[in-house]
1. I need the full set of residues from region 194-228 which are assigned to a helix (DSSP H, G or I) and among the β-branched types (Val, Ile, Thr), in order please.
2. Scan region 63-87 and report the pairs whose first residue is assigned to a helix (DSSP H, G or I) and whose second residue is open to solvent by 80 Å² or more (accessible area, probe 1.4 Å), with Cβ atoms within less than 7 Å and a gap of 6+ or a chain change.
3. Determine, yes or no, whether Asp181 is loosely packed, with under 14 Cβ neighbours inside 10 Å and either modelled with pLDDT under 90 or part of a helix (DSSP H, G or I) (or both).
4. Here's a check for you: in region 225-257, which residue that is under 20 Å from Ser176 (Cα atoms) and open to solvent by 50 Å² or more (accessible area, probe 1.4 Å) is farthest from the chain's Cα centre (by Cα)?
5. Kindly check whether there is at least one residue in region 190-207 that is surrounded by 14 or more Cβ atoms within 10 Å (Cβ to Cβ), free of Cβ contacts under 8 Å to residues at least 40 places away in the same chain and among the small types (Gly, Ala, Ser).
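The values are calculated or read from the model by the stated rules, or taken from the named source; none is laboratory data. These numbers were taken from a predicted model, which means no experiment stands behind them. Every residue, glycine as well, gets a Cβ built from its backbone with ideal geometry; the counts of neighbours run over all protein chains shown. For accessibility, only protein heavy atoms count, side chains too; no ligands or nucleic acids. Shrake-Rupley method; radii C 1.70, N 1.55, O 1.52, S 1.80 Å.
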Amino acid sequence: MSKRVKRCRMAALAAAAVALSATSCAIGPKYVRPQTPTPTAYREAPPAGWADARPGDAEVRGQWWQMFNDAALDALEDRVNISNQNVLAAEAQYQAARAAVRVTAGELRPTITATPSVTHADGGAAQHHGNLYEVPVDVSYQADVWGSIRRSVAANAAVAQASAADLESARLLYQSELASDYFQVQGLDADRVLLEDTVRSYEQYLQLTQDRFQGGVVSMADVSLAQTQLESARAQLADVGIARAQFEHAIAVLTGRSPAELSIPAAAAQPS
(Lines give C-alpha, C1' and ligand atoms only; values in the text may rest on other atoms or scores of the structure.)
Protein backbone atom coordinates (compact mmCIF):
# COMPACT_ATOMS: atom_id res chain seq x y z
CA MET A 1 0.00 0.00 0.00
CA SER A 2 1.45 3.35 -1.00
CA LYS A 3 2.19 6.12 1.49
CA ARG A 4 -0.23 8.42 -0.28
CA VAL A 5 -3.12 5.99 0.26
CA LYS A 6 -2.18 5.59 3.91
CA ARG A 7 -2.17 9.36 4.40
CA CYS A 8 -5.62 9.66 2.79
CA ARG A 9 -7.02 6.99 5.09
CA MET A 10 -5.53 8.61 8.16
CA ALA A 11 -7.01 11.97 7.14
CA ALA A 12 -10.44 10.40 6.65
CA LEU A 13 -10.33 8.72 10.08
CA ALA A 14 -9.26 11.99 11.69
CA ALA A 15 -12.14 13.86 10.05
CA ALA A 16 -14.62 11.21 11.23
CA ALA A 17 -13.27 11.44 14.77
CA VAL A 18 -13.64 15.22 14.76
CA ALA A 19 -17.22 14.97 13.48
CA LEU A 20 -18.16 12.44 16.16
CA SER A 21 -16.53 14.56 18.84
CA ALA A 22 -18.44 17.66 17.70
CA THR A 23 -21.70 15.72 17.68
CA SER A 24 -20.98 14.47 21.19
CA CYS A 25 -20.42 18.00 22.42
CA ALA A 26 -23.61 19.23 20.72
CA ILE A 27 -25.78 16.49 22.25
CA GLY A 28 -24.46 16.66 25.78
CA PRO A 29 -25.20 14.35 28.72
CA LYS A 30 -28.60 12.88 29.38
CA TYR A 31 -30.86 15.30 31.20
CA VAL A 32 -31.84 14.25 34.69
CA ARG A 33 -34.67 16.11 36.36
CA PRO A 34 -33.58 17.51 39.72
CA GLN A 35 -35.27 16.07 42.76
CA THR A 36 -37.57 18.59 44.41
CA PRO A 37 -39.29 17.61 47.65
CA THR A 38 -43.03 18.08 47.29
CA PRO A 39 -45.34 17.90 50.30
CA THR A 40 -48.24 15.51 50.01
CA ALA A 41 -50.71 18.03 51.44
CA TYR A 42 -50.98 21.56 52.74
CA ARG A 43 -50.35 22.19 56.39
CA GLU A 44 -53.74 23.85 56.79
CA ALA A 45 -56.82 21.65 56.80
CA PRO A 46 -59.12 22.23 53.77
CA PRO A 47 -62.61 23.64 54.33
CA ALA A 48 -65.42 21.19 54.79
CA GLY A 49 -66.65 19.75 51.50
CA TRP A 50 -63.57 20.74 49.49
CA ALA A 51 -61.59 18.22 47.43
CA ASP A 52 -58.22 18.22 45.70
CA ALA A 53 -58.25 19.35 42.09
CA ARG A 54 -57.61 16.71 39.46
CA PRO A 55 -56.67 18.43 36.18
CA GLY A 56 -57.71 16.61 33.03
CA ASP A 57 -57.16 19.06 30.19
CA ALA A 58 -56.67 16.35 27.56
CA GLU A 59 -59.81 14.41 28.51
CA VAL A 60 -62.74 14.52 26.11
CA ARG A 61 -65.74 16.08 27.86
CA GLY A 62 -68.30 14.58 25.54
CA GLN A 63 -71.58 16.22 24.58
CA TRP A 64 -72.25 17.69 28.02
CA TRP A 65 -74.76 20.24 26.66
CA GLN A 66 -77.30 17.46 26.00
CA MET A 67 -78.25 17.60 29.68
CA PHE A 68 -80.38 20.64 28.79
CA ASN A 69 -82.54 18.60 26.36
CA ASP A 70 -82.60 21.41 23.81
CA ALA A 71 -82.49 20.31 20.18
CA ALA A 72 -81.64 23.82 18.98
CA LEU A 73 -78.64 24.03 21.31
CA ASP A 74 -77.50 20.54 20.19
CA ALA A 75 -77.56 21.63 16.54
CA LEU A 76 -75.54 24.76 17.29
CA GLU A 77 -72.96 22.93 19.44
CA ASP A 78 -72.39 20.33 16.73
CA ARG A 79 -71.31 23.12 14.38
CA VAL A 80 -68.55 24.28 16.74
CA ASN A 81 -66.36 21.26 15.97
CA ILE A 82 -66.84 21.39 12.20
CA SER A 83 -67.13 25.13 11.57
CA ASN A 84 -65.33 27.17 14.20
CA GLN A 85 -61.98 28.24 12.80
CA ASN A 86 -60.28 28.49 16.19
CA VAL A 87 -61.06 24.88 17.05
CA LEU A 88 -59.95 23.81 13.57
CA ALA A 89 -56.67 25.69 14.03
CA ALA A 90 -56.03 24.02 17.39
CA GLU A 91 -56.82 20.62 15.90
CA ALA A 92 -54.44 21.29 12.99
CA GLN A 93 -51.65 22.11 15.44
CA TYR A 94 -52.36 18.87 17.29
CA GLN A 95 -52.24 16.83 14.07
CA ALA A 96 -48.98 18.56 13.07
CA ALA A 97 -47.45 17.69 16.44
CA ARG A 98 -48.46 14.05 16.04
CA ALA A 99 -46.98 14.01 12.54
CA ALA A 100 -43.71 15.39 13.93
CA VAL A 101 -43.60 12.47 16.37
CA ARG A 102 -44.06 9.95 13.56
CA VAL A 103 -41.43 11.61 11.36
CA THR A 104 -38.86 11.77 14.14
CA ALA A 105 -39.54 8.20 15.22
CA GLY A 106 -39.01 7.08 11.64
CA GLU A 107 -35.40 8.26 11.83
CA LEU A 108 -34.70 5.45 14.29
CA ARG A 109 -35.18 2.89 11.49
CA PRO A 110 -32.95 2.36 8.43
CA THR A 111 -33.98 4.09 5.20
CA ILE A 112 -34.08 1.95 2.04
CA THR A 113 -34.44 3.51 -1.41
CA ALA A 114 -34.60 1.78 -4.78
CA THR A 115 -34.68 3.25 -8.31
CA PRO A 116 -35.27 0.43 -10.81
CA SER A 117 -34.61 1.08 -14.51
CA VAL A 118 -34.99 -0.79 -17.80
CA THR A 119 -32.74 -0.27 -20.84
CA HIS A 120 -33.55 -1.75 -24.22
CA ALA A 121 -30.52 -2.85 -26.27
CA ASP A 122 -30.94 -3.31 -30.02
CA GLY A 123 -27.57 -3.97 -31.67
CA GLY A 124 -26.29 -5.79 -34.70
CA ALA A 125 -26.03 -9.50 -35.25
CA ALA A 126 -22.97 -9.85 -33.03
CA GLN A 127 -24.27 -7.60 -30.27
CA HIS A 128 -26.65 -8.18 -27.38
CA HIS A 129 -30.38 -7.92 -28.00
CA GLY A 130 -33.08 -7.46 -25.33
CA ASN A 131 -33.72 -5.51 -22.11
CA LEU A 132 -31.23 -4.71 -19.38
CA TYR A 133 -32.80 -4.52 -15.90
CA GLU A 134 -31.11 -2.59 -13.09
CA VAL A 135 -32.40 -2.37 -9.50
CA PRO A 136 -29.93 -0.31 -7.44
CA VAL A 137 -30.70 -0.34 -3.72
CA ASP A 138 -29.39 2.23 -1.26
CA VAL A 139 -29.53 1.57 2.49
CA SER A 140 -28.77 4.37 4.96
CA TYR A 141 -29.00 4.45 8.73
CA GLN A 142 -28.25 7.21 11.22
CA ALA A 143 -26.74 5.71 14.35
CA ASP A 144 -28.44 7.02 17.46
CA VAL A 145 -25.23 6.85 19.48
CA TRP A 146 -26.02 9.61 21.99
CA GLY A 147 -29.81 9.29 21.92
CA SER A 148 -30.42 12.53 20.01
CA ILE A 149 -33.22 11.06 17.93
CA ARG A 150 -34.91 9.43 20.91
CA ARG A 151 -34.83 12.74 22.75
CA SER A 152 -36.41 14.43 19.74
CA VAL A 153 -39.16 11.80 19.78
CA ALA A 154 -39.76 12.40 23.48
CA ALA A 155 -39.83 16.18 22.99
CA ASN A 156 -42.26 15.97 20.08
CA ALA A 157 -44.44 13.56 22.03
CA ALA A 158 -44.62 16.08 24.86
CA VAL A 159 -45.58 18.80 22.37
CA ALA A 160 -48.29 16.55 20.93
CA GLN A 161 -49.63 15.88 24.42
CA ALA A 162 -49.72 19.60 25.16
CA SER A 163 -51.44 20.24 21.82
CA ALA A 164 -54.07 17.65 22.66
CA ALA A 165 -54.76 19.45 25.93
CA ASP A 166 -54.95 22.80 24.11
CA LEU A 167 -57.38 21.31 21.59
CA GLU A 168 -59.77 20.00 24.21
CA SER A 169 -59.51 23.22 26.21
CA ALA A 170 -60.27 25.31 23.12
CA ARG A 171 -63.21 23.10 22.21
CA LEU A 172 -64.63 23.34 25.74
CA LEU A 173 -64.10 27.11 25.76
CA TYR A 174 -66.12 27.74 22.60
CA GLN A 175 -68.78 25.18 23.46
CA SER A 176 -69.37 26.73 26.87
CA GLU A 177 -69.36 30.26 25.42
CA LEU A 178 -71.95 29.23 22.83
CA ALA A 179 -74.19 27.66 25.48
CA SER A 180 -73.92 30.79 27.64
CA ASP A 181 -74.82 33.08 24.72
CA TYR A 182 -77.70 30.81 23.74
CA PHE A 183 -79.29 30.97 27.16
CA GLN A 184 -78.70 34.71 27.23
CA VAL A 185 -80.83 34.92 24.07
CA GLN A 186 -83.57 32.89 25.71
CA GLY A 187 -83.46 35.08 28.81
CA LEU A 188 -83.72 38.22 26.67
CA ASP A 189 -86.71 36.72 24.87
CA ALA A 190 -88.44 36.32 28.22
CA ASP A 191 -87.54 39.92 29.09
CA ARG A 192 -88.93 41.07 25.75
CA VAL A 193 -92.28 39.40 26.40
CA LEU A 194 -92.47 41.00 29.83
CA LEU A 195 -91.52 44.45 28.50
CA GLU A 196 -94.04 44.23 25.67
CA ASP A 197 -96.77 43.57 28.23
CA THR A 198 -95.44 46.47 30.31
CA VAL A 199 -95.50 48.82 27.32
CA ARG A 200 -99.09 47.92 26.54
CA SER A 201 -100.07 48.48 30.16
CA TYR A 202 -98.34 51.88 30.24
CA GLU A 203 -100.02 52.86 26.97
CA GLN A 204 -103.39 52.08 28.50
CA TYR A 205 -102.47 53.92 31.69
CA LEU A 206 -101.33 56.97 29.70
CA GLN A 207 -104.61 57.03 27.80
CA LEU A 208 -106.54 56.75 31.04
CA THR A 209 -104.50 59.55 32.62
CA GLN A 210 -105.08 61.81 29.62
CA ASP A 211 -108.81 61.15 29.81
CA ARG A 212 -108.81 62.00 33.51
CA PHE A 213 -106.84 65.17 32.78
CA GLN A 214 -109.46 66.19 30.24
CA GLY A 215 -112.09 65.66 32.93
CA GLY A 216 -110.14 67.77 35.39
CA VAL A 217 -109.48 64.89 37.79
CA VAL A 218 -105.64 64.87 37.56
CA SER A 219 -103.00 67.47 36.75
CA MET A 220 -100.63 67.73 33.81
CA ALA A 221 -97.84 66.41 36.04
CA ASP A 222 -99.64 63.08 36.23
CA VAL A 223 -99.84 62.94 32.45
CA SER A 224 -96.12 63.71 32.15
CA LEU A 225 -95.29 60.98 34.66
CA ALA A 226 -97.33 58.41 32.73
CA GLN A 227 -95.66 59.49 29.49
CA THR A 228 -92.20 59.15 31.07
CA GLN A 229 -92.97 55.65 32.33
CA LEU A 230 -94.13 54.60 28.87
CA GLU A 231 -91.06 55.96 27.09
CA SER A 232 -88.75 54.38 29.65
CA ALA A 233 -90.35 50.95 29.04
CA ARG A 234 -90.04 51.43 25.28
CA ALA A 235 -86.34 52.30 25.66
CA GLN A 236 -85.77 49.14 27.72
CA LEU A 237 -87.54 47.09 25.06
CA ALA A 238 -85.24 48.55 22.39
CA ASP A 239 -82.16 47.75 24.51
CA VAL A 240 -83.31 44.16 24.85
CA GLY A 241 -83.62 43.88 21.08
CA ILE A 242 -80.10 45.25 20.57
CA ALA A 243 -78.59 42.93 23.19
CA ARG A 244 -80.37 39.92 21.68
CA ALA A 245 -78.98 40.74 18.24
CA GLN A 246 -75.46 40.99 19.69
CA PHE A 247 -75.67 37.57 21.34
CA GLU A 248 -77.16 36.11 18.17
CA HIS A 249 -74.25 37.50 16.16
CA ALA A 250 -71.79 36.03 18.67
CA ILE A 251 -73.39 32.60 18.25
CA ALA A 252 -73.06 32.91 14.47
CA VAL A 253 -69.34 33.65 14.81
CA LEU A 254 -68.83 30.74 17.22
CA THR A 255 -70.41 28.37 14.70
CA GLY A 256 -68.25 29.63 11.84
CA ARG A 257 -70.91 31.65 10.03
CA SER A 258 -71.51 35.30 9.34
CA PRO A 259 -74.17 37.07 11.46
CA ALA A 260 -76.44 37.38 8.43
CA GLU A 261 -76.57 33.58 8.04
CA LEU A 262 -77.99 32.78 11.47
CA SER A 263 -81.37 33.64 12.92
CA ILE A 264 -82.84 32.24 16.13
CA PRO A 265 -86.62 32.72 16.17
CA ALA A 266 -87.96 33.92 19.50
CA ALA A 267 -90.74 31.34 19.70
CA ALA A 268 -89.12 28.05 18.71
CA ALA A 269 -85.50 29.20 19.24
CA GLN A 270 -84.31 27.09 16.34
CA PRO A 271 -81.19 27.86 14.23
CA SER A 272 -81.80 28.79 10.62
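1. Listed by number, the residues that qualify are Thr198, Val199, Thr209, Val223, Thr228.
2. If the second residue must be open to solvent by 80 Å² or more (accessible area, probe 1.4 Å), the pairs left are Ala72/Gln270; Asp74/Gln66.
3. Here the answer is no, as Asp181 does not meet what is asked.
4. Gln246
5. no
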